[in-house]
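J.: Sharing a structure here in structure tokens format.
The values are calculated or read from the model by the stated rules, or taken from the named source; none is laboratory data. These numbers come from a predicted model, not from an experiment. So basically every Cβ, Gly included, is an ideal-geometry build from the backbone, and we count neighbours across all protein chains shown.
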Amino acid sequence: MTARTDKIDELAQRAAESDAGVSLAAAAWRRLRRNPVFLVGAGIVVLFVVLAILSPLLAAHDPADPMLGDQVVRARNEIPPPQPGHPLGGDQVGRDLLSRLLVGAQQTLLVGVLATLIGLAGGLVLGTLAGALSGWVDTVVMRAVDVMLSIPGLLLAVSIGALFAQPNQYTVILAVAIVQIPVFARLLRGSMLAQRHSDHVLAARALGVRQRAIVFRHMLPNSLGPVIVQATLVLAIAIIEAAGLSFLGLGNPDDRLPEWGQMLGQAQNVIDSHPQLAFWPAGCIIVVALGFTLVGESLREALDPKSRR
Amino acid sequence: MALLEVRDLSVVFRSRGHQRTGEQPVAAVDGVSFDVAPGQTVGLVGESGCGKSVTAMSIMGLLPKRGNQVTGSARFDGTELLSLSDRQMRDRRGRDLGMVFQDPLSSLNPVVPIGLQVTEVLERHQGTPRKQAAMEAAELLDKVGIPDPRRRLSEYPHQLSGGMRQRALIAIALACRPRLLIADEPTTALDVTIQAQILALLAELVRDTGTALIMITHDLGVVAGLCDEVNVLYAGRVVERAKRHDLFAAPRHPYTHGLLSSIPRLDSPRGERLVPIKGSVADNIPWQNGCAFAPRCPNAIDTCVEVTPEMAVDPLVSRRLLRCHNPVTATQREALT
Amino acid sequence: MLRYTVRRLLQLVFVVLALSLLLFAWLRSLPGGPVSALLGERITPESRARLTAELGLDQPIFVQYFKFLGRAASGDFGVSTGVQPGDSAAAIFVQRFPATLELSVLAIVIAIAVGIPLGYLAARRRGGLLDNLSVVGSLIGVAVPVFFLAFVLKQVFAVELGWFPTTGRQEGGLDATRVTGFFVLDGLITREFDAAWDAVKHLILPAIALSSIPFSVIVRITRASVLDVLDEDFVRTAESKGLTTQVITRRHVLRNSMLPVVTTIGLQTGALLAGAVLTEKVFAFPGIGQALAIGFERRDYPVLLLLILSAAGVFVLVNLAVDLSYAVIDPRIRTGSGGGR
Amino acid sequence: MVHTRKVRTGHLAAVGLAALLVLSGCAESQRSQNDPNASGGAAKTGGTMTFATEGAPKLFDPFFATDGATFRTSQQIFEGLVEFKPGTAEAGPGLAEKWTSTPDGKQWTFTLRKGAKFHDGTEFDAEAACQNFNRWYNQKGAGQSTAVTGYWQDNFGGFSDGAKPSLYKSCAVKDPQTVVVELTSYTSKFPDILGLPSFAMQSPAAMKQHDADNVVKQGDSFVYPAYGQQHPSGTGPFKFSKYDKANGTVELVRNDDYWGPKTFLDKLILRAIPDETARKQALQSGDVQGYDLPSPADWEQLKKDGHKLLIRPAFNVMYIGIGQKSNEKLRDLRVRQAIAHAIDREGLVKQQYPEGAKVAENLYPDTIFGWTGDVRKYDYNPDKAKSLLAEAGASGLAVTIYWPTEVSRPYMPSPRDIFGFVRGNLEAVGLKLNVVSKPWNGGYLEDVDQAKADVFLLGWNGDYNTPDNFIGNFFADPDNRFATGSATWGNQLSAEVKAADAEPDTAKRKAMYEALNKKLKAEYLPAVPVAHSPPALVTSAKVSGLVPSPLTDERFNAVSLG
């Protein structure tokens, strides 16, 4: 018995490598190392993540504390200007802008990562179901996916966001995440269908391996390439769409822990009188989104066998 | 007076940024020379990667400008092709020089009707008006043996069989009655029966139209059926040139000999075993250090790995050029058979 | 082909029905809604109860849904409670759809007209300055939040420079005649050219903002696809025929690289509605998008329901159109046989 | 499809052109030819003014409306028997030149203005006036829905079917210039309420012709008849010209038969621009000549840019409501007082409210009858608050606090920021806040009205100049959003409110209201009054003659450009 499974594993392993596994990954890595696009993107992402993790330490002040509140005079549209200890000044209610941006990095990363993970998880379940056990399961799941895909992404996110009676950080994340589920599902199903007829799977099946084993040991691992690419891209999308939600007033109303999209959305009414309140978070969002996109795109190209670009 | 004179043609690949990566530029074609007389059929034979296709492409001026360095000379009817401007070259391609490629499916545009793919050449080079061009195209297709040509005009490549596609390609290449036709492995992608037909077709056409033909192949069988003169290429250099009969009767270069004895022959006694060439191209040594074939060569002697052999008239058989220190002798051939 | 189309249309019906039930149930289960919308601040528990009963909102959800379907069948999707209180949702759609259509068309036209040539040139001069610029540019284009771009455009070109109007579809004072609801068209056919021009001026900034994402995507896809086609054998064949570069580009390269591009254009066109929600809000442009934005804010459920449904419908239809247009571009699909590369 | 491919773009263009020509054949410009040039308005008289409003009007029949956008329009078209004096909330003569009442305040005699004409050409006389009263009183079916005739039901109660008691009894024509209106009881609101936009005089002929009362319930809402949609006919200085829904603009033109001074403007265009920033930029770029409700944050800048900022007298109140229902600790006066002491109202007003905003001491502004400064004041004193909580054994009390999102009200310019401030204050005195934020119309009002909130931020915009419009609305019914009914003193409060309203004798009534205000602060404290905040409107420099009204009831009849 063990002997047999070992044999299969070895077999499938070889097939996997020839398909999408190690060798291709290695080749991809070789291409990436030389790709300036990737290096720039990776640089941005790493910087951002480090910042996000360390931000509580870096932030000089409590982002929720309106310490400069006494300098806020709505009647004269005055907000705290840059000053010693507050290089960027304060926001509409006198909280230290720099600290908010720093802590914002953390929240933004949180939104991006959680949304992506949830979308990924959902897609993984649906896609695996459909891809693995075709038949009516496939049909049902894919119909559902089609329904979701039949609404433009951001619109769907906004709709979902609006449908929560009481918006908060997690409804935002959820709204953005749900939109991504069908995308991932499609992706996984596609690549698994492609594999169902590939040699190593057939071989494994021929040797009578249990369906589950085939799916999890052989099919899933080989489908991950495109999924990883998609995930990096989704991270960027999630961050941007979260900002869109905030702009439409469907964001997280509790702004004690700031998130860049939220900061941008809240700054919309003072964008001409206090542009810095909008431009700082906007700038951060653009750079970070760009970073993830660069990484995603260069990954995609590197993993795409026939790409010479 | 030759129609095409290729002299000392060399093509060097330079991978982008090779200075940084320190890769040595590779010579795909290394001082190749040969002539093609009007109406003559010349074969370029060799394993894949020996540089025969690159030779053809460089003559046609189809090699990408970037990353390729073409030196030497290729005189067509007295004009130096290699020094022509891009525009001048375009004017000649399709008119004086035609080319047929290996894979007929991918070589035809899938979304353009066959007819247009033929007529566009006529329009380009002869300014033939659409209607008339269409008629000529039909005749062409008919000539290359495509049944019901009128209907075919409006059809798309995927609707034709492999053989038909190759015929169409040939029709395109010959549309403007070029004086030189280069066929690059025209039959490799087809199954055997079709191969024969296509070869026959080519033979017939060049005879009728008096078109000179360069036949590029790895298949000596093809050569046997078609070529007047054969150039055997190895690692970017011509190693043996001979008239067809001489070559098949008495291959002199061990590589040629190897090729011949590695293909089954109908006239050989039963029970004879095929002798494959040992090793692979990977074992080659650079020509600078001697004979590139030496490592695989049964006849290799010490000089082969010390002195680079030069192209020279065969001491035994005249009318033949040879690049070898220790050619195959008659006795050896006997020993083998 | 026909069977395929029919199947897709059926699928569309299915999608819309499923969506409508989903949305309807969810919307109804939410707080706020018609009653609060109608009574606003003056609401009292007593009046709430009365109105809820009057409107039959106390009946079981399915009863309500089927009543809704019944009314919907006769084109009655309920009456707006927030966007344009008192107007029927259908009327709002009919009246605002042309606006968004005008906007989307202009946006997608800009995206295509600039995006495809740029993508092609980038591919032709691969690795060159233009190439790198267009690639990075297109990536940035995706990274910039649409509404932020819209804000900046408006601030710079409308408020500071005053080249364009900041908001709306047309000056009220023009007293333009309405025929089709497409202001530009109306202006042309009624020969009120000032009105048409004014409408165009109102379109430009929002359209640019809206086109940013489709533009970026189109550039990228075109470039990639052209690069693929460029080293296809048949391009080499075309070269070997000595054809002129223009012919090779037009007939052999572009036409073959258009398939993926068309797909993208389709998807992007459908997705424009999402962008329109943001852009139209920024420019107070009275289209579907703005109605959605206000609808979300004021919880105008009848309008939201209809607009989201129709958005989905349009999206599906556009994609169907795209699939069909493959046949136009790719004979292998039209003539059934062959499959594809 | 194969064919479409064959079509060359040239052909397409041709086809398109042809289509255009065909269309233009059947499409004619319907421009009013005598269009006195739109933008140019240098002359004192003439010109067109475009004014940006928050929303588009629901319809043009004010009797069926409760929304500001509708009233903004209808107040230019219609006039009431009573009109509020420009710039005040004080009732003055309108279509009625003067009026008298019997001592018991149940019978009112109005003397009507001569020479007023409706836009449809019919005369305005006693007959027309009474027909209006009877129209209101005799609403049937959908017309009786609170959603349709909210103002009537708030102020007059029931209808002729007698299902609910009504304040209105009858209207009699004494002579063409005199009507006698009978009420079932006295209320301090009368006749001021006749100044409400909803109760403006409309042309009986026009209403008859266009079926004005035919309101139909359809699905989740109501559909209004042609009259309200298309043919409003009043006596006002402007006439309804057209409503371009596709463009969100209402066009009004000068009424040349107006009984009073004619308008300077040829045309008034009211354009809906929901987004506040968009309104501002429309003004800055000259697309509009004025707009409503500029964000206080922009006031300074707008003035700097040379625009005219017109600040309305504050006629509203923002309060922190304290519910009596769920959290019984809040029924302890000391806890409510602690909350009052915890809030730094001066700080809040200074930081988050526009200039001219005042800290509120009563639940209605001092321009209203019965206001008194002699009430218990709660100074900002966290320590006092802490000790009060301790006394009440409510230190660290957990409280559910509600604040609204997706809304900005005149009395609450930026709820998020105001709440941020309040939250800080309350947490500083050790209260544990369970924060609930909901969209204004997405559950906030609903929950607050069902008294789900322990503490909540809300306010009120006054309609007319009587205390009852404020505290009457809040407390007359013990089952209210403060759930005063659940408090021991709840019913007493309701009784006192009703009594004061029903007291005909002015002096007595004043005393009663002052007493009530004192008790509301000292004994009941169902809400902590926070601020009276002046809303504003803004016009470009060349606009003159617009008088800001505390009731946001500005008239454009005296407005001129340049």
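J.: Name the one entry in D:TYR224, D:TYR186 that is within 14 Å of another protein chain (Cβ to nearest Cβ) and either crowded, with 21+ Cβ neighbours inside 10 Å or touching a residue at least 12 places away in the same chain (Cβ under 8 Å) (or both).
T.: Residue meeting the stated conditions: D:TYR224.
J.: Within the stretch B:118-129, is there a residue that is among the β-branched types (Val, Ile, Thr), surrounded by fewer than 21 Cβ atoms within 10 Å (Cβ to Cβ) and more than 21 Å from the chain's Cα centre (by Cα)?
T.: Looking for residues that are among the β-branched types (Val, Ile, Thr), surrounded by fewer than 21 Cβ atoms within 10 Å (Cβ to Cβ) and more than 21 Å from the chain's Cα centre (by Cα), one finds at least one in the stretch B:118-129, hence yes.
J.: Part of a helix (DSSP H, G or I) and aromatic (Phe, Trp, Tyr), is that true of D:TYR151?
T.: It is true that D:TYR151 is part of a helix (DSSP H, G or I) and aromatic (Phe, Trp, Tyr).
J.: Which of the numbered conditions does C:PHE14 fail, given that it passes all the others? Conditions: (1) within 11 Å of chain D (Cβ to nearest Cβ); (2) under 26 Å from the mean Cα position of the chain (by Cα); (3) among the aromatic types (Phe, Trp, Tyr).
T.: (1)
J.: Please tell me if D:THR506 is in the same structural domain as D:PRO365 (by TED's automatic domain parsing) and farther than 30 Å from D:ASP379 by Cβ. Steps first, please.
T.: Values: in the same structural domain as D:PRO365 (by TED's automatic domain parsing): yes; farther than 30 Å from D:ASP379 by Cβ: yes.
For D:THR506, the condition - in the same structural domain as D:PRO365 (by TED's automatic domain parsing) and farther than 30 Å from D:ASP379 by Cβ - is met.
J.: Quickly run through the stretch B:170-190 and pick out the residues that are in a helix (DSSP H, G or I) and within 16 Å of the chain's Cα centre (by Cα). Quick ask: steps written out before the conclusion?
T.: Residues of the stretch B:170-190 that are in a helix (DSSP H, G or I), as a first pass: B:170-174.
Passing the criteria: B:ILE170, B:ALA173.
J.: Being surrounded by fewer than 24 Cβ atoms within 10 Å (Cβ to Cβ), of a type outside the set (D, E, K, R) and in a helix (DSSP H, G or I): is that true of A:VAL209 here?
T.: Against the criterion (surrounded by fewer than 24 Cβ atoms within 10 Å (Cβ to Cβ), of a type outside the set (D, E, K, R) and in a helix (DSSP H, G or I)), A:VAL209 does not qualify.
J.: Kindly check whether there is at least one residue in the stretch A:244-258 that is touching a Cys at 6+ places or on another chain (Cβ under 7 Å) and closer than 30 Å to D:GLU276 by Cα.
T.: The answer is no, given that none of the residues of the stretch A:244-258 is touching a Cys at 6+ places or on another chain (Cβ under 7 Å) and closer than 30 Å to D:GLU276 by Cα.
J.: So which of C:LEU254, C:LEU278, C:LEU227, C:LEU259 is more than 14 Å from chain B (Cβ to nearest Cβ) and either assigned to a helix (DSSP H, G or I) or among the acidic types (Asp, Glu) (or both)?
T.: Only one candidate qualifies: C:LEU278.
J.: Where in the stretch D:326-406 are the helices (runs of 4 or more DSSP H), entirely inside, with at least 2 residues that are more than 14 Å from chain A (Cβ to nearest Cβ)?
T.: D:333-342, D:382-391
J.: Just give me the residues in the stretch D:242-292 being over 30 Å from C:VAL156 (Cβ atoms), facing chain C (nearest Cβ under 9 Å) and not basic (Lys, Arg), in sequence order.
T.: D:VAL250, D:GLU251
J.: Here's another thing I want to ask about it. Which of the residues belonging to the stretch D:239-252 are farther than 20 Å from C:GLY181 by Cβ and in contact with a Phe, Trp or Tyr (Cβ under 7 Å, 6 or more places away or on another chain)?
T.: D:PHE240, D:LEU252
J.: Of the residues that sit in the stretch A:244-283 and are over 21 Å from A:VAL72 (Cβ atoms) and either of a type in the set (D, E, K, R) or away from chain C (no Cβ under 11 Å) (or both), which one is surrounded by the fewest Cβ atoms within 10 Å (Cβ to Cβ)?
T.: Applying the filter and picking the extreme gives A:ASN252.
J.: In the stretch D:436-459, which residue that is over 13 Å from D:ALA483 (Cα atoms) and in contact with a strand residue (DSSP E or B) (Cβ under 6 Å, 6 or more places away or on another chain) is farthest from the other protein chains (Cβ to nearest Cβ)?
T.: Within the stretch D:436-459, the match that is farthest from the other protein chains (Cβ to nearest Cβ) is D:LEU457.
J.: For the stretch C:114-159, give me each residue that is part of a helix (DSSP H, G or I) and either under 17 Å from the mean Cα position of the chain (by Cα) or among the charged types (D, E, K, R) (or both).
T.: Passing the criteria: C:ARG124, C:ASP131, C:VAL142, C:VAL146, C:PHE147, C:ALA150, C:LYS154.
J.: List every residue pair whose Cβ atoms sit under 7 Å apart, with the two residues 6 or more apart in sequence or on different chains, where the first one lies in the stretch D:391-409 and is within 25 Å of D:LYS438 (Cα to Cα) and among the charged types (D, E, K, R) and the second, anywhere, is surrounded by 22 or more Cβ atoms within 10 Å (Cβ to Cβ) and at pLDDT 90 or above.
T.: Sorted first by the residue in the stretch D:391-409, then by its partner, the pairs are D:ARG409/D:GLY459.
J.: Would you be able to tell me the number of residues in the stretch B:296-331 that are part of a loop (DSSP other than H, G, I, E, B) and on the phi < 0 side of the Ramachandran plot?
T.: Adding up the residues that qualify gives 24.
J.: Check C:LEU69 against each of (1) in contact (Cβ under 8 Å) with a residue 24 or more places away in the chain; (2) away from chain D (no Cβ under 11 Å); (3) surrounded by 15 or more Cβ atoms within 10 Å (Cβ to Cβ) and name the one condition it does not meet.
T.: The number of the failed condition is (3).
J.: Additional query: I'd like the residue in the stretch B:80-136 that is part of a loop (DSSP other than H, G, I, E, B) and touching a strand residue (DSSP E or B) at 6+ places or on another chain (Cβ under 7 Å) and, out of all such residues, is farthest from C:THR237 (Cα to Cα).
T.: Here the residue is B:ASP96.
J.: So for the stretch B:52-68 (the condition being assigned to a strand (DSSP E or B), surrounded by 13 or more Cβ atoms within 10 Å (Cβ to Cβ) and away from chain C (no Cβ under 13 Å)), does at least one residue qualify? Steps first, please.
T.: If we filter the stretch B:52-68 for residues that are assigned to a strand (DSSP E or B), which is where we start, we get B:68.
Of the ones still in play, those that are also surrounded by 13 or more Cβ atoms within 10 Å (Cβ to Cβ) are B:68.
Add one more test, that the residue is away from chain C (no Cβ under 13 Å), and what stays is B:68.
Within the stretch B:52-68, one or more residues are assigned to a strand (DSSP E or B), surrounded by 13 or more Cβ atoms within 10 Å (Cβ to Cβ) and away from chain C (no Cβ under 13 Å).
J.: Quick check on my filter: what residues within the stretch C:131-180 are at the interface with another protein chain (Cβ under 9 Å from one of its Cβ atoms), among the acidic types (Asp, Glu) and touching a residue at least 24 places away in the same chain (Cβ under 8 Å)?
T.: C:GLU171
J.: Okay, next question. Can you pull out every residue in the stretch A:33-65 that is surrounded by 14 or more Cβ atoms within 10 Å (Cβ to Cβ) and either basic (Lys, Arg) or over 24 Å from A:LEU109 (Cα atoms) (or both)?
T.: Listed by number, the list holds a single entry, A:ASN35.
J.: Please indicate, with yes or no, whether at least one residue in the stretch D:94-117 is outside any loop (DSSP other than H, G, I, E, B), within 14 Å of chain C (Cβ to nearest Cβ) and surrounded by fewer than 22 Cβ atoms within 10 Å (Cβ to Cβ).
T.: no
J.: Being within 13 Å of another protein chain (Cβ to nearest Cβ) and not β-branched (Val, Ile, Thr) narrows it down to one of B:ARG152, B:ARG165, so name that one.
T.: Selected residue: B:ARG165, the only one of B:ARG152, B:ARG165 that is within 13 Å of another protein chain (Cβ to nearest Cβ) and not β-branched (Val, Ile, Thr).
J.: In this structure, is D:THR149 within 14 Å of chain C (Cβ to nearest Cβ) and touching a residue at least 40 places away in the same chain (Cβ under 8 Å)?
T.: Answer is yes for this residue.
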